[in-house]
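K.L.:
Okay, handing you the structure first.
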Amino acid sequence: MALITKIREKSGVAAAAIAISLVLFLVGSDIFQGKSSLFGSNSQEVGEIAGESILIQDFQKKVEEATQNYTAQTGKGPSEQEASMIRDQVWNQLILDIAYKKEFDALGLKVSDEELIDMVQGNNIHPSVRQQFTNPQTGQFDKMFVVQFLKNLKTLPVEQQQAWDRFEKSISQDRIRAKYENLLRMSNYVTQAEAAKDYQAQTAKFNSKFLFVPFFSIADSSIKVQDSQLEEYLAKHKDEFKGTNTRSIQYVTFPVIPTKQDTVEFYNSIKKLAKDLAVAQNDSAFAMLNSDVRTPYLVSYSEIPESVKPQLATFQVGGIYGPFKNGLTYSIYKYGGVKKDTLFTMRASHILIAPANKSDSAKAQARTRAEGILAQIKGGASFETLAQMNGMDGTAQQGGDLGYFKNNGGMAKSFEKALFGYNGAGLMPGVVETEFGFHVVKVTEAKTNTSYKLAAINKNIAPSQATMDKVFTTADAFANANGNLASFEVALKKDRNLIMMRADRLTENAASVNNLTNAREIVRWAFDDNTAVGDGSKKVFEQDSQYIVAYVTGKSDKDNVKVEDFRLELTALVRNQLKGEMIAKKLENKKGSLEQIAQAYGAGALVETVQDITLASGMLNTAGPDAVALGRIAGLKNGKRSKVFVGDNGVFIAEKLSGAPAPALADYSPYKNQIQMMNTQRSSFYINEAIKENANIVDKRYKFY
């Protein structure tokens, strides 16, 4: 049971529950297509799981099968991001098929044919089967739908039969994995002593007075940290610094910006389009065909760009207006007049006051508070300020702004009825009640059902091919002239127009580099076996409207952790350690009250008092939730003073003024159950991590994708 031991060794609060999806894989709608391209290495191994080698041919075949299923279900191909997601799902499925299965087999766990039948059409229907065969009209599961489907299964196309086989496999794997996790969960038992300890930590309170000298009271620049000290600290805390395979790079970009000539040609093109639009028989169709960004012909006032709105009142039917600039997009419009829509549009802001619960008294309190806020606004207070201070939904930080909306059911029914029943703009005289609470409302733009006929041609200004070629030539010359990091640094000093960017600790499967999206080509190059620290790319990477030349500045290896991999973190820890030693030495042997000792110490020493502090959630004022200090203070006897000690955030001398343990309970079951529930919630994550660690997984997908 070595694996169980590994699971028990895991500690701390999980950042997120990691679980492998069994049901949606290959049958749900979130399956995407991937493409592969070999890069650099001659090896055909895409990874290793529990001692089994995974070849790229086999992995890609599974990716293609999943892709075909997705395409058949959705009728569309995937994006690059979706391609990455499908590869992750295929990889996770391999971990399940290999690493998990070895654990299942070792314990003799399986799902019998009878059990599978029971999950599909018996008395214990699997949730996924129940979901798939729920009547959309009634919302009820009908077992007869399943029976009828299975009777007709052999008459269905082969692809659907195969899909059902995969579905049955997925729910079978889901069941056996649940058995395995439940078996391990049952091995974790919370004792009476553990429950009592947790009860005391949450309930027992104490009062304390302490002298605190924070680390930040000493300037970082005054502490010199030696590499030997970092090495020593790392050697003593190896378990706290897990290695990962990363690369750090520096790069310079050569942006492709339209030249003056490009701009002239662009304006000439816009002028010609404007003339053609003026005489086009079907102006809306002409605009659609000639736009880089298509927009509807009939738009509400809210959908008109802000740069156009101020001039809208001057538009004449049949007139051509523009160009209007929005970023790198220029727009020209042919105005066709207005039309009354069946829907109204308006803009408003609100302040939501939600009741604490559904009781009548809570609702009455919420209404009273909302009416009080309304009265303040009527008296001249700022709506936006009160919204930020009192609003209880996501609009509060925007001053309550709801933006534009229509009376199409997008808002709560009572809210929509009240607002669209109001004429004009301004503060509504009374609060509006909805199922969410009570709203103070200001109509910022009155309702209107006027739509505008605007045939819009939107063109993005872009550099010409000649401009792009010229910039590429410059970037290529730079890459060839500066083939390594040393020459790159010299070039940066010579040319101050070059701006160096840094990307530290990129992981093998990173898809982006800082704000460069879809940057897999750069990452693959950095991780290629033939790329060493100090190497330049010697080739130019193209990314949107810029060319990039990159250099590898550092690397880390998960099997060989070095100081350089964690220099910043280690330096901060060692620096605080040295500060702690300096402060503690200065405080030693000082006599008198805490105030006298603080005065003798000088600047930086604080004396503070806390009351009714618990060990589980105590805050020590300036020191914050210092776990070391809380534990030391809680362990003191009443009226006793501690020696000088170093905490998480500084150095302390503490006195426990008073405190008593929480009364003993006859039944600690609630605390026992609380700990057990937390362990259960985290167990899937811990089990998954332990199995992956035990399987010694080597992921080399970054070499191929």
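The values are calculated or read from the model by the stated rules, or taken from the named source; none is laboratory data. These numbers come from a predicted model, not from an experiment. Cβ: placed from backbone, ideal geometry, glycine included. Neighbour counts: every protein chain shown. Heavy atoms of the whole protein, side chains included, go into the accessibility calculation; ligands, DNA and RNA do not. Shrake-Rupley method; radii C 1.70, N 1.55, O 1.52, S 1.80 Å.
K.L.:
Using all Cα-Cα distances in the chain, what percent lands in each 20 angstrom bin from 0 up to the longest?
P.N.:
Pair shares across the bins are 11, 27, 43, 18, 1.
K.L.:
I'd like the carbon and sulfur percentage of the solvent accessible area for region 161-297, probe radius 1.4 Å, heavy atoms only, ligands and nucleic acids excluded.
P.N.:
53 percent
K.L.:
What are the ³J(HN,Hα) values, in whole Hz, obtained from phi via the Karplus relation 6.51 cos²θ - 1.76 cosθ + 1.60 with θ = phi - 60°, for each residue of region 206-212 in sequence order, with x given for Gly and Pro?
P.N.:
Each residue of region 206-212 in turn: 8, 10, 8, 10, 8, 9, 9 Hz.
K.L.:
With a point put 7 Å past each Cα toward its Cβ, work out how far Gln161 is from Glu115 in nm, to one decimal.
P.N.:
Each label point lies 7 Å from its Cα, and together they span 2.7 nm.
K.L.:
Still on this structure, please answer the following. If each residue of separation counts as 0.36 nm, what is the full-extension length gain between Arg367 and Val561 once their alpha-carbon separation is subtracted?
P.N.:
Separation in residues times 0.36 nm, less the Cα-Cα distance, equals 63.8 nm.
K.L.:
Using a 1.4 Å probe, how large is the accessible area of Trp164, given in Å² and rounded to the nearest 10?
P.N.:
20 Å²
K.L.:
Which whole-Hz ³J(HN,Hα) couplings does region 670-678 yield from phi under the Karplus relation 6.51 cos²θ - 1.76 cosθ + 1.60, θ = phi - 60°, glycine and proline marked x?
P.N.:
The phi angles translate into x, 6, 4, 5, 5, 5, 4, 5, 5 Hz.
K.L.:
Dipole of the chain (Lys/Arg Cβ +1, Asp/Glu Cβ -1, origin at the Cα centre): which of Ser382, Gln311, Tyr301 lies farthest to the positive side?
P.N.:
Result: Ser382, furthest along the dipole toward the positive end.
K.L.:
Give the long-range amide H neighbours of Gly624: residues separated by 5 or more places, or on another chain, with amide H under 5 Å away, using H modelled in the peptide plane at 1.01 Å from N.
P.N.:
Correct list: empty.
K.L.:
Okay, helix-only estimate at 222 nm for the chain: each DSSP H run of n ≥ 4 adds -39500 (n - 2.57), divide by all residues, round to 500 deg cm²/dmol; what do you get?
P.N.:
That comes out to -13000 deg cm²/dmol.
K.L.:
While we're looking at this one, here's another question. Ignoring ligands, DNA and RNA, please state the percent of accessible area on region 368-432 from carbon and sulfur, probe 1.4 Å.
P.N.:
51 percent
K.L.:
While we're here: Is there a quick way to get the dipole size of the chain? I mean about its Cα centre, with the Cβ of Lys and Arg at +1 and of Asp and Glu at -1; what is the value in debye to the nearest 20?
P.N.:
Result for the chain is approximately 1580 debye, rounded to the nearest 20.
K.L.:
To the nearest 20 debye, what is the magnitude of the charge dipole of region 616-686 about its Cα centre, counting +1 on the Cβ of each Lys and Arg and -1 on the Cβ of each Asp and Glu?
P.N.:
Computed about the Cα centre, the dipole is about 260 debye.
K.L.:
Show me, bin by bin at 10 Å from 0, the whole-percent P(r) of region 233-273 based on Cα pairs.
P.N.:
The distribution over region 233-273 is 19, 19, 14, 13, 12, 12, 11, 1, given as percents.
K.L.:
How many Å² of accessible area per residue for region 641-695, probe 1.4 Å? Numbers along the way, then the final one.
P.N.:
Values: 2780 Å² over 55 residues.
Here the residues of region 641-695 average 51 Å² of exposed surface.
K.L.:
Could you let me know the centre-to-centre spacing of region 248-274 and region 159-207, using Cα atoms, in angstrom?
P.N.:
57 Å
K.L.:
Averaged over all directions, how much area does the convex hull of the C-alpha atoms of region 192-299 cover when projected, in nm²?
P.N.:
Numbers: hull surface 89.7 nm².
Directional mean of the projected Cα hull area for region 192-299 stands at 22.4 nm².
K.L.:
Based only on Cα atoms, what mean projected area does the convex hull of region 541-620 have, in nm²?
P.N.:
On the way: hull surface 49.7 nm².
Directional mean of the projected Cα hull area for region 541-620 stands at 12.4 nm².
K.L.:
For Asp612, Asp565, give the ranking by accessible area with the largest first, probe 1.4 Å.
P.N.:
Sorted descending by solvent-accessible area, the residues read Asp612, Asp565.
K.L.:
Okay, moving on. Restricted to Cα positions, what overall size does region 609-649 have along the principal axes? Three whole-Å values, descending.
P.N.:
22, 22, 17
K.L.:
Run the quick spin-label model on Gln140 and Ala662: label points 7 Å from Cα toward the beta carbon, then report their separation in nm to one decimal.
P.N.:
4.8 nm
K.L.:
Now a separate question. Nearest 0.05, what FRET efficiency do His237 and Val147 give at R0 = 51 Å with Cβ-Cβ as r?
P.N.:
0.25
K.L.:
Out of the GluC sites (Glu not before Pro) in region 408-465, which ones are loop residues according to DSSP with at most 16 other C-beta atoms within 10 Å?
P.N.:
Hits after loop and neighbour filter: Glu435.
K.L.:
With every protein chain in place, what's the accessible area of Asp528 (1.4 Å probe, Å², nearest 10)?
P.N.:
Using a 1.4 Å probe on the heavy atoms, I get roughly 20 Å².
K.L.:
What is the sum of charges, Lys and Arg at +1 and Asp and Glu at -1, for the other residues whose Cβ falls under 12 Å from the Cβ of Gly639?
P.N.:
Spelling it out: positives minus negatives among the neighbours equals +4.
K.L.:
Using the alpha carbon gyration tensor of region 492-641, what are the three equivalent-ellipsoid semi-axes (square root of 5 times each eigenvalue), largest first, in whole Å?
P.N.:
Semi-axis lengths for region 492-641 are 52, 19, 16 Å.
K.L.:
Going down the table (Lys325/Lys539; Lys62/Lys102; Lys538/Lys558; Lys309/Lys470; Lys238/Lys700; Lys260/Lys334), which pairs top 32 Å between alpha carbons?
P.N.:
Details: Lys325/Lys539 36 Å; Lys62/Lys102 21 Å; Lys538/Lys558 27 Å; Lys309/Lys470 39 Å; Lys238/Lys700 25 Å; Lys260/Lys334 27 Å.
Violating the 32 Å Cα-Cα cut-off are Lys325/Lys539; Lys309/Lys470.
K.L.:
If you don't mind, another one. Which whole-angstrom value gives the distance between the alpha carbon centres of region 409-472 and region 90-135?
P.N.:
About 48 Å separates the Cα centre of region 409-472 from the one of region 90-135.
K.L.:
Another question, then. With every protein chain kept in place and ligands, DNA and RNA left out, what is the accessible area per residue of region 185-248? Probe 1.4 Å, answer in Å².
P.N.:
With the other protein chains kept in place, region 185-248 gives 59 Å² per residue.
K.L.:
Roll a 1.4 Å probe over the protein heavy atoms and report the accessible area of Lys271 in Å², nearest 10.
P.N.:
120 Å²
K.L.:
Can you sort Ile675, Ile171 by 1.4 Å-probe accessible area, starting with the largest? Numbers along the way, then the final one.
P.N.:
Working: Ile675 35, Ile171 0 Å².
Output order, biggest surface exposure first: Ile675, Ile171.
K.L.:
Let me ask something else. Would you mind telling me the share, in percent, of accessible area of region 480-617 contributed by carbon and sulfur at probe 1.4 angstrom?
P.N.:
46 percent
K.L.:
Based solely on C-alpha atoms, express the radius of gyration and the Dmax of region 348-427 in angstrom.
P.N.:
Using the Cα atoms of region 348-427, the pair Rg, Dmax is 13.2, 35 Å.
K.L.:
Out of residues 5 or more away from Phe141 or on other chains, whose amide H comes under 5 Å of its own, with H placed 1.01 Å from N in the peptide plane?
P.N.:
Hits under the 5 Å cutoff: Asn135.
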